[in-house]
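Working notes, structure below.
The values are calculated or read from the model by the stated rules, or taken from the named source; none is laboratory data. Everything quoted here is computed from the prediction, not taken from an experiment. In this analysis, Cβ positions are derived from the backbone assuming ideal geometry, glycine residues included, and neighbour counts consider all displayed protein chains. Ligands, DNA and RNA are excluded from the accessible area calculation, which covers all protein heavy atoms including side chains. Shrake-Rupley method; radii C 1.70, N 1.55, O 1.52, S 1.80 Å.
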Amino acid sequence: MTDPHAPTGPAAGPPLAAAQAHCRALIDALTVFRERHLDTVDRWGAHLAAVLPVGGRLLAAGNGGSAAQAQHLTAELVGRYQRERPAFSAIALHAETSSVTAIGNDYGFDQVYARQVAAHGRPGDVLVLLSTSGRSANLVLAAATARRAGLRVWAVTGPGPNPLAEAADEALCVEAATTATVQEAHLVAVHLLCESFDAAVAAGPPARAVGAASPVLAHRRMS
């Protein structure tokens with residue numbers, strides 16, 4: 001957990017009391033998450049199920065622990081979550097270590113994701129950005145680059161409002177006081193997104209007029 005803008009952890013105390021406080025904080029955060037965000041996650045999963053099977057791509061990024069969460073998401077899509085299904089295109093931008101270090105060295109750390117989005121993103125693709133603070137400049141710049149390029153941008157952050165949530169098309173802001181609790185709720189969001197996506201894929205493609213091509217697939221054929 002390296003985000004300098006993120007909220008600090010709970011005060012030191014007896015180990016059991018600290019653990020109980022941590023669990024209560026997580027339960028509270030997930031209760032709010034359940035009330036406010038389940039519809040959003042379900043809708044995101046359905047959107048991905050309309051994009052990825054026809055040639056679209058998901059890009060994801062984060063810093064520190066959020067980078068691990070983003071890579072968890074892409075792994076579930078390229079591999080599988082629970083049920084067997086085809087592999088889908090998903091790239092964790094921070095895992096491109098040579099690109100990250102080259103871009104950081106030549107252009108500065110704020111550009112490490114924006115330049116990769118410009119290289120890999122196509123209209124109709126989806127960019128998922130995870131941040132406990134929502135204030136990381138490299139993610140905000142990536143969101144702006146992606147929207148200009150015609151990608152759909154989803155932010156998964158800590159408490160809002162924050163710059164990343166404002167830069168995205170849509171945001172899921174977890175209301176919690178500590179970085180640890182925010183990240184734990186983000187993992188739940190990742191798993192629920194995968195569940196929603198798998199269910200939508202298993203249900204089959206949405207009805208489409210005969211002869212109408214997918215915008216994403218049509219763009220891939222032309223590019």
Got a number for the accessible area of residue 81? Probe 1.4 Å, square angstrom, nearest 10. 40
Provide, in order from the shortest bin, the percent of all Cα-Cα pairs of the chain in each 10 Å bin, continuing until the bin that contains the maximum pair distance. 8, 33, 35, 18, 5, 1, 0
Toy charge model, Lys and Arg Cβ at +1, Asp and Glu Cβ at -1: the chain dipole around Cα centroid in debye, rounded to 20, equals 660
By how many nm would the segment from residue 149 to residue 23 grow when fully extended, if each residue of separation counts as 0.36 nm and the alpha-carbon distance is taken off? 41.2 nm
With a 1.4 Å probe and every protein chain left in place, work out the accessible area per residue of the chain in Å², rounded to a whole number. 49
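Report the charge-dipole magnitude of segment 78-170 in Debye, nearest 20, computed about the Cα centre from +1 at each Lys and Arg Cβ and -1 at each Asp and Glu Cβ.
240
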3J(HN,Hα) from dihedral phi, segment 22-33, Karplus parametrisation 6.51/-1.76/1.60, rounded to Hz, x for glycine, proline: 4, 5, 5, 5, 5, 4, 4, 5, 6, 5, 5, 4
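Length gain on complete extension for the stretch residue 89 to residue 35, per 0.36 nm per residue less the alpha carbon to alpha carbon distance? All intermediate terms of the calculation are to be shown ahead of the outcome.
Working: separation 54, 0.36 × 54 = 19.44 nm, distance 3.09 nm.
In short, 16.4 nm is gained.
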5 Å is the cut-off here: which amide hydrogens, built 1.01 Å from N in the peptide plane, fall below it relative to residue 90, excluding neighbours closer than 5 in sequence? 58
Could you list which residues have their amide H under 5 Å from that of residue 152, counting only those 5 or more apart in sequence or on another chain, with H placed in the peptide plane? 124, 125, 126, 127
5 Å is the cut-off here: which amide hydrogens, built 1.01 Å from N in the peptide plane, fall below it relative to residue 171, excluding neighbours closer than 5 in sequence? 155
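Can you pull the percent of the chain's accessible area that's carbon plus sulfur, 1.4 Å probe, other chains left in place?
57
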Run the numbers for residue 118 and residue 80: contour at 0.36 nm per residue of separation, minus the present Cα-Cα distance, in nm. 11.0 nm
3J(HN,Hα) from dihedral phi, segment 124-140, Karplus parametrisation 6.51/-1.76/1.60, rounded to Hz, x for glycine, proline: x, 5, 10, 10, 10, 10, 10, 7, 5, 9, x, 10, 6, 4, 5, 7, 4
